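Everything on this sheet refers to the single structure shown next.
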Amino acid sequence: MDLTGLLEVAVRAAKAAGKIQREWLGREKRVEFKGEINLVTEVDRRCEGKIIEIIRGRSLDIYGQEILTTNGKIHNEMMKVLQKG
């Protein structure tokens, strides 16, 4: 995938996450700690999930600083988006 294609995926993912944020604007949200002082909301997790879904839907791998593993634990990695193959 060329840079224009990657940009299109990024814009689509950002717009989808923005839509989720607008839907939750003004609503009560569950807040959790992801560290001693770092907070994360259910909206953050929903946005992250949508972004991952869109990126992986284009056959791209994604590695993130706060990508949830299959067992729900958070691991820390450098943020990278890599094309498969």
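The values are calculated or read from the model by the stated rules, or taken from the named source; none is laboratory data. All figures in this text were calculated on a predicted structure; none of them were measured in a lab. Cβ coordinates were reconstructed from backbone atoms using ideal geometry, including for glycine residues, and neighbour counts include every protein chain displayed.
Of all residues being touching a helix residue (DSSP H, G or I) at 6+ places or on another chain (Cβ under 6 Å) and at pLDDT below 90 in segment 27-50, which is surrounded by the fewest Cβ atoms within 10 Å (Cβ to Cβ)? Just the residue, please. Only one residue tops the list, namely 30.
Pairing residues of segment 45-56 that are free of Cβ contacts under 8 Å to residues at least 40 places away in the same chain with residues that are among the charged types (D, E, K, R), at Cβ distances under 8 Å and at least 6 apart in sequence or on separate chains, gives 48/66.
Among the residues of segment 3-26, how many are at pLDDT below 90, loosely packed, with under 10 Cβ neighbours inside 10 Å and either of a type in the set (A, V, I, L, M) or touching a strand residue (DSSP E or B) at 6+ places or on another chain (Cβ under 8 Å) (or both)?
Of segment 3-26, the ones at pLDDT below 90 are 3-6.
Within this subset, residues satisfying the condition of being loosely packed, with under 10 Cβ neighbours inside 10 Å are 3-4.
If we keep only those that are either of a type in the set (A, V, I, L, M) or touching a strand residue (DSSP E or B) at 6+ places or on another chain (Cβ under 8 Å) (or both) too, we end up with 3.
Result for segment 3-26: 1.
Residue count for segment 51-82, restricted to those that are modelled with pLDDT under 70, outside any loop (DSSP other than H, G, I, E, B) and surrounded by fewer than 12 Cβ atoms within 10 Å (Cβ to Cβ): 2. So which residues in segment 15-44 are in a helix (DSSP H, G or I) and without any contact (Cβ under 8 Å) to a residue 24 or more places away in the chain, if there are any at all? The answer is 15, 18, 19, 22, 23, 24, 42, 43, 44.
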